[in-house]
Amino acid sequence: MRQTGESNSKGESGSERGNGNENKAECGNENEAERETENLGERLDAAIASRVDRTAHADRISLDQAQRSMSRRSTILHILTIALWLATAVILLAMLLRMLPNGLDGKRYVPIIVALMPWMGFLSAAIMVVALAVRRIGGRALLAVIGVVCVVVQVGWHWGYIEPRQTISGNARQAVAQAAADGLPDTSDKYARIMTLNTKQGAADAGRIVETVKNEHVEILALQEVSWSLLDRLNEAGIADYLPYSVAAQQTWHDNGGVNVLYSAAPMENVKQNLIPVESSSVPAATIDFAGTKVRFGSVHPFSPRPSNQGLWNRSLDSLAQLQHYDSLYVLMGDFNSTWDHASFRYLLGGRFLDSGEQAGEGLHMTYPSLLPVAEIDHIVHDKGVVVGDLETKYIPGSDHRALLATLEAR
């Protein structure tokens, strides 16, 4: 009986141990589940933290980029504002220099700056448009007002290039477009195609000059800076077939790059090698009969306004201005080394002479330099008894000027 009791006791004790082991296993499983849950939470926390860090980093990058972009725009606007105001200051200075009287407009670089005045008008218009279009330009309202004033003043100065003051007739256009049976123009009427060219010390292509004379039915040709070599080449190219009459200027020690020459399809009267004393180069002249109206032509070339030519430029233009007191009906053709905006050129015109370019209302005809012309320094200046129109320029190889052509009508 004791053995049975002991046996039962041992069995119960083993059962208890088994239940204890099972409880321990269950506790272990619970602990492991808790650890996994904790690990999962830690991973989730780490993932969330990582995402937050990445988002914050991306936000910082975006903010930095936005700040840099705003800084660049601000810098660009600042530079643009400075550039616009500097350009406006240059334009205002140039306009003040343009208003200098004759005698003062030849100082140092003044003539060169004033020669670019038409481009200042375009620049003023561009500044005005930018000031009105870009709101963050500093002082944009004042800048726009100044731009408007500059444009209005400069358009007023050059109104003759926009609105014609004189026009040639349809008969004149038809006459110069036709040629007689021998291919030569009619020299007995009141109309003529005329042309002037600075030949760059005789380097211009003689063949192209003669070809242009032929194709354009030119009746009067004025050349400047002509060398004796060019005269020979022109003769070889056959210029006498179209312009058989000519006069070359009297050669002097101070010739401005060469002598001036005048050619004509019609007979010349009262021929002179030196029409008027000019310090730069002599003026050859001759009178041509246009169906009863006699017109006196001259080929002119005053000094250029380089800083080294202080005073010479003004004096040579002032010498030509003395022709205002001469008799005859004049047409002066050549490289005047000046533009409509120079006071010295306007003084030469005075109340008697007209500049064909400023009268025709056909826009600007830039002639210098030949490849990319920026200045209109070649002119056809005439008395009020004739009308000049249908201006155009032609490129002649070898020359640094473009040829200026026009139709003349004597009235």
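The values are calculated or read from the model by the stated rules, or taken from the named source; none is laboratory data. As the structure is a computational prediction, the values presented were derived from the model and not from experiment. Ideal geometry is used to build each Cβ from the backbone, glycine not excepted, and the neighbour counts take in all protein chains shown. Remember, those area values only see protein heavy atoms, side chains included, never the ligands or the DNA or RNA. Shrake-Rupley method; radii C 1.70, N 1.55, O 1.52, S 1.80 Å.
Measuring spread by the Cα atoms of segment 80-212 yields a radius of gyration and Dmax of 22.5, 69 Å. Take the Cβ atoms of D289 and E392, set R0 to 30 Å, and the FRET efficiency comes out at 0.70.
Using a Förster distance of 25 Å, how high is the FRET efficiency between A125 and R72, based on the Cβ-Cβ distance and rounded to 0.05? Step by step, r from the Cβ atoms, then E = 0.35. In the context of the full set of protein chains, residues of segment 132-182 present 62 Å² of accessible surface per residue (probe radius 1.4 Å, heavy atoms only). Within segment 114-131, whose backbone N sits under 20 Å from a point 7 Å along Cα→Cβ of L372? Residues 114-124, 126 fall inside that zone.
Between V90 and I113, the contour length at 0.36 nm per residue exceeds the Cα-Cα span by 7.3 nm. Peptide packing: for 311-321, 334-344, the average count of neighbouring Cβ atoms within 10 Å per residue gives the ranking 334-344, 311-321, highest mean first.
Highest mean packing first, where packing is the average number of other Cβ atoms within 10 Å per residue, the peptides 115-124, 373-382, 235-244 line up as 373-382, 115-124, 235-244. Once the C-beta distance of T252 and D327 is scaled by a Förster radius of 30 Å, the resulting FRET efficiency is 0.75 to the nearest 0.05. For segment 167-262, carbon and sulfur atoms together expose 44% of the accessible surface, with a 1.4 angstrom probe and every protein chain in place. The residues of segment 318-396 have, on average, 31 Å² of accessible surface per residue, using a 1.4 Å probe with all protein chains present. The distance linking segment 138-189 with segment 199-263 is 27 Å (Cα centroid to Cα centroid, whole angstrom). Local charge for A237 was computed over the other residues whose Cβ lies under 13 Å away, with Lys and Arg +1 and Asp and Glu -1, and equals -2. The length gained by stretching the chain between A203 and L104 to full extension, at 0.36 nm per residue less their Cα-Cα distance, is 32.3 nm. Of all DSSP bridge pairs formed entirely within segment 226-333, close to 70 percent run antiparallel.
Among the listed pairs K107/K394; K214/K384; K190/K384, those with a Cα-Cα distance over 25 Å are K107/K394; K214/K384.
So, with +1 on the Cβ of K and R and -1 on the Cβ of D and E, and no other charges, what is the size of the charge dipole of segment 155-256 about its Cα centre, to the nearest 20 debye?
Here the size comes out at about 300 debye.
Judged by the mean number of other Cβ atoms found within 10 Å, the most tightly packed of the peptides 207-220, 143-156 leads the ranking 207-220, 143-156.
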